[in-house]
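What follows is a short report on a single structure.
The values are calculated or read from the model by the stated rules, or taken from the named source; none is laboratory data. This structure is a prediction, so every number in the text was calculated from the model and none was measured. FYI the Cβ positions are ideal-geometry reconstructions off the backbone, even for glycines, and counts take in every protein chain you see. Each accessible area value is taken on the protein alone, full model and side chains, heavy atoms only, with ligands, DNA and RNA left out. Shrake-Rupley method; radii C 1.70, N 1.55, O 1.52, S 1.80 Å.
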Amino acid sequence: MGRRGKGHLAGSGGTLLITLPVEVLELICSTLDLSDRAALTSCCRGLWLRSDVTTSTLMWGTIATYGWNTRTLAVRMGLSKWLARHAAAVGRLHYHGGSASPAAALAGVEGAVLTALEVHFSPAFGLELAEAGAPLAQLGSCLTELVLQACHLSCIPPQLSALSMLRRLDLESNKELGSACKAAFKPLAAATQLTQLRLKACRLRRLPRQLSALASSLKHLDLANNPGLGDGAAYLGGNPALGPFLARAPAAVGWQPLLCLASSLTS
């Protein structure tokens, strides 16, 4: 599909893009990838600013961005402005990799209605946690899924305490957590609505004491690939004994190594 500089669809008999109903635009965009959708809607300023376009969840419900195309600060600032403009539409944001800090880009989600945020392979997120994690505190009433994989986290983001709707937390491959102090896990105690927690490959050697606060809600706990926890610490999904086990864990083991808990973890 071609396009002309003044917002016309090529071959459309001169029909202005800006006059098309949003339902038609959504149908057109359903056949395009994200970059082409953005190109289509930005070809004329009037269409770019149309509120029914910027708030369309069918067009912008899931956004994925990758480190190789957000390397410069100008691009990340541009992404932040774009996210802020489409805050009412974006429900899921996936930010993948790159050595540059995602803080500038993620600032655009403040005030958004995100239900899921995923950040993968972003060491700078953990290194600049105060700034990169700050927008999380504004998502307390909507965010239900948070994935921070391989982000060099040395502690649980303190903003977790504000996420009252959080159901799923994935912290896989944050190896720095293995040498973290007890206080580093404190925000976990506030995540009392969690049903899924993934601490896979975090080099854990001890069970975080704060897990006991999740005993009534947690249904799936992934502790795989943490050799220091012993052979029994793996994936505990839908285990009816999980809640009672977590409830008694501090008294039973606290921060002692889990080398002898295979039977308790799997029964």
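Of a type in the set (Asp, Glu), closer than 28 Å to Glu172 by Cα and open to solvent by less than 70 Å² (accessible area, probe 1.4 Å): does that describe Glu128? Lay out the reasoning, then the answer.
Values: of a type in the set (Asp, Glu): yes; closer than 28 Å to Glu172 by Cα: yes; open to solvent by less than 70 Å² (accessible area, probe 1.4 Å): no.
No, not satisfied.
Would you be able to say whether some residue in region 140-150 is more than 30 Å from Ala88 (Cβ to Cβ) and either open to solvent by 40 Å² or more (accessible area, probe 1.4 Å) or modelled with pLDDT of 90 or more (or both)? Break it down stepwise before answering.
Applying the first criterion (more than 30 Å from Ala88 (Cβ to Cβ)) to region 140-150 yields 150.
Filter once more, so that each one left must be either open to solvent by 40 Å² or more (accessible area, probe 1.4 Å) or modelled with pLDDT of 90 or more (or both): 150.
Looking for residues that are more than 30 Å from Ala88 (Cβ to Cβ) and either open to solvent by 40 Å² or more (accessible area, probe 1.4 Å) or modelled with pLDDT of 90 or more (or both), one finds at least one in region 140-150, hence yes.
So which of His86, His94, His120 ends up being in contact with a Phe, Trp or Tyr (Cβ under 8 Å, 6 or more places away or on another chain) and closer than 28 Å to Ile156 by Cα?
Details: His86 fails: closer than 28 Å to Ile156 by Cα; His94 fails: in contact with a Phe, Trp or Tyr (Cβ under 8 Å, 6 or more places away or on another chain).
Residue meeting the stated conditions: His120.
Each residue in region 104-116 was checked for being surrounded by fewer than 23 Cβ atoms within 10 Å (Cβ to Cβ) and in contact with a Phe, Trp or Tyr (Cβ under 8 Å, 6 or more places away or on another chain), and 0 of them qualify. Considering only residues in region 19-34 that are open to solvent by 70 Å² or more (accessible area, probe 1.4 Å) and under 20 Å from Ala88 (Cβ atoms), the one that is modelled with the lowest pLDDT turns out to be Ser30.
Scanning region 192-205 for residues that are crowded, with 18+ Cβ neighbours inside 10 Å and either in contact with a strand residue (DSSP E or B) (Cβ under 8 Å, 6 or more places away or on another chain) or part of a helix (DSSP H, G or I) (or both) yields Leu194, Leu197, Arg198, Leu199, Lys200. Of all residues in region 35-93, those being of a type in the set (Ser, Thr, Tyr), open to solvent by 40 Å² or more (accessible area, probe 1.4 Å) and in a helix (DSSP H, G or I) number 3.
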